[in-house]
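Here the structure comes first, spelled out in structure tokens, and everything after it is commentary.
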Amino acid sequence: MLKVIAQRLFWLVFTLLGVSFLCFCLSHLSPGETGDMMLRQSGGVTSSESAQRFRQSLGLDDPLLVRYGRWLSKAVRLDFGESFATGEPVGREMLHRLPATLKLTVAAFGLMLVISLAVGVASGLRPGGIFDHTARVVSTILVALPNYWLGILLLFVFAVHWKIFRVVGGTGLRDLVLPTFTLALGMSAFYGRIVRERLLEVMSQDYIRTAQAKGLSLGVVLYRHAFINAIIPLLNLWGMSFGFLLGGSLLVETIFSWPGVASFAVQAVLSRDYPVTQCYVVFMAVIFTGSNLVVDLAQTMADPKLRRKAAQGGEA
């Protein structure tokens with residue numbers, strides 16, 4: 001198991017280096033004059049000379065590899081530089097907004113689990129019934145809807161038309177409802193269908209029929225034998241979905257004026273604030289790779305076959 005963990009950590013570091021370098025190159029090779037744009041935002045007089053001096057003060061005239069090496073040497077010490085727009089350390093700005101993003105993501109992830117398991121189990125126990133057909137139609141519609149369009153629709157109906165929620169939200173529980181449903185509904189529909197298919201597959205196995213032949217009740221058969229075996233393959237997908245929810249909050253936070261990391265990154269992209277965008281991409285890469293590592297280990301511990309394989313020194 002320790003060998004497997006060491007291998008995964010090695011590839012995690014290698015992935016982070018590749019992602020950070022690619023993002024650094026794309027950010028600094030994008031068209032546009034950063035010095036001129038930043039001077040305009042700060043209210044300074046824009047000219048070729050002033051923009052050039054501004055770029056030199058930020059170190060943007062150095063070769064690309066030199067700038068990346070300088071950034072990487074600081075990043076390994078968790079120093080991601082200062083924001084061009086605010087002048088504050090990027091790490092401090094991100095940490096200040098991180099709790100709001102985590103609150104939204106955790107709420108959406110929990111809602112997604114509850115809805116997908118409830119709908120998937122109910123559909124799997126009565127395949128071909130009215131609820132199953134209705135859930136299939138609704139899930140198809142929800143999966144096809146982009147979350148930003150769904151967010152605008154919910155905002156118009158519940159905030160503008162019915163005035164149940166505020167149009168410009170804060171960070172309270174009431175303001176969390178609409179963005180949480182926006183993030184969770186589409187993914188809930190997708191995973192609900194997967195839970196249904198996995199449950200139908202498991203319920204058709206011989207050991208399930210043997211348990212039923214022994215006279216065990218449906219509840220005992222479902223939760224003691226079928227449910228765990230049905231969701232083990234989904235652990236990896238659920239782990240990745242946590243990262244997808246964080247990434248998907250980019251537009252959702254902007255639509256609902258949610259003061260999180262993603263909305264801060266959107267403003268940084270629009271203002272060409274390279275340190276913030278670079279830090280955000282690295283942060284997202286850490287979330288994706290870290291969640292995948294944790295879920296892979298959890299899946300290995302939950303599945304006896306994978307556990308034996310890891311104990312023998314094989315790939316989990």
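Numbers for the structure displayed
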{"read-out": "Segment 181-212 versus segment 101-164: alpha-carbon centroid distance in Å", "value": "16"}
{"read-out": "Residues of segment 256-284 with amide N under 11 Å of the 7 Å Cα→Cβ point at Thr171", "value": "259-261"}
{"read-out": "Translational diffusion of segment 93-274, µm² s⁻¹ [Kirkwood Rh, Cα pairs; Stokes-Einstein; 10 °C; 1.306 mPa s]", "value": "88"}
{"read-out": "Segment 101-179 - charge dipole about Cα centre, Lys and Arg +1 at Cβ, Asp and Glu -1, debye rounded to 20", "value": "140"}
{"read-out": "Cβ-derived FRET efficiency at R0 41 Å, Leu65 paired with Ile228, nearest 0.05", "value": "0.20"}
{"read-out": "Chain lengthening between Lys214 and Arg126 when straightened (0.36 nm per residue, less Cα-Cα)", "value": "29.5 nm"}
{"read-out": "Förster-model FRET efficiency, 25 Å R0, Val137 and Val157, C-beta, rounded to 0.05", "value": "0.80"}
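A short reminder: the numbers here are calculations on the coordinates, not readings from a lab. Everything numeric here is computed off the predicted structure, so don't read it as measured data. Positions of Cβ are generated from backbone atoms using ideal geometry, with glycine treated the same way; all protein chains shown enter the neighbour counts.
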